[in-house]
Amino acid sequence: MKSSNEREGDAYQNPTQLFNLISNGDTTMNVIRHALNFPEEVKTWIVSRNNSKLTNNNTAKTAKTGGRTANDIVPKYLPIHIVCLQKNPRQELLLGVRNIFPKGLKMRDRNGNLSIHYLLAEGCDDLDSLDIAMDEEYTCLGKKDGEGGIF
């Protein structure tokens, strides 16, 4: 359940500009400049709903598809998760997003994963990037990912 102060943007219907900049591989400087000017977007969850690619508005279809309605959220990520989903995330970008919203490091996505889980799953072996993605107390080291594994 979403809290009343949690912001969302649909990846296809109303994505944030920050999501677009990260997804399109814009320069680190442009992404960080935008994030600093619009810090609320760093705290905005990017979601994708069933069939959101196909609809032209936010009105959910009521038809059931595979046990889910068209408005069911499938993925749900913060910008920090999206950066960490990249094969080789840019350290400056990771650091910039983290510094604007450090709480994001401790927030699990829809799949139950922390950003550090995605870095490791993508094969990141850069110790500086891994250190940036860890919370200050390094408590993420003992946290299981969404599938119950510990790295």
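The values are calculated or read from the model by the stated rules, or taken from the named source; none is laboratory data. These numbers were taken from a predicted model, which means no experiment stands behind them. Quick reminder, even Gly has a Cβ in these numbers, built from the backbone with ideal geometry, and neighbours come from all protein chains shown.
With the requirement that a residue be among the aromatic types (Phe, Trp, Tyr), farther than 13 Å from Pro79 by Cα and modelled with pLDDT of 95 or more, what does segment 1-41 give you?
Correct list: empty.
Could you tell me whether any residue of segment 132-140 is outside any helix (DSSP H, G or I), of a type in the set (Phe, Trp, Tyr) and at pLDDT 90 or above?
Looking for residues that are outside any helix (DSSP H, G or I), of a type in the set (Phe, Trp, Tyr) and at pLDDT 90 or above, one finds none in segment 132-140, hence no.
Using beta carbons and a limit of 9 Å, which pairs, at least six apart or on different chains, have the first residue in segment 100-114 and of a type in the set (Asp, Glu) and the second one modelled with pLDDT under 90 and surrounded by fewer than 15 Cβ atoms within 10 Å (Cβ to Cβ)?
Asp109/Gly146
Please indicate, with yes or no, whether at least one residue in segment 63-76 is modelled with pLDDT of 70 or more and not β-branched (Val, Ile, Thr).
yes
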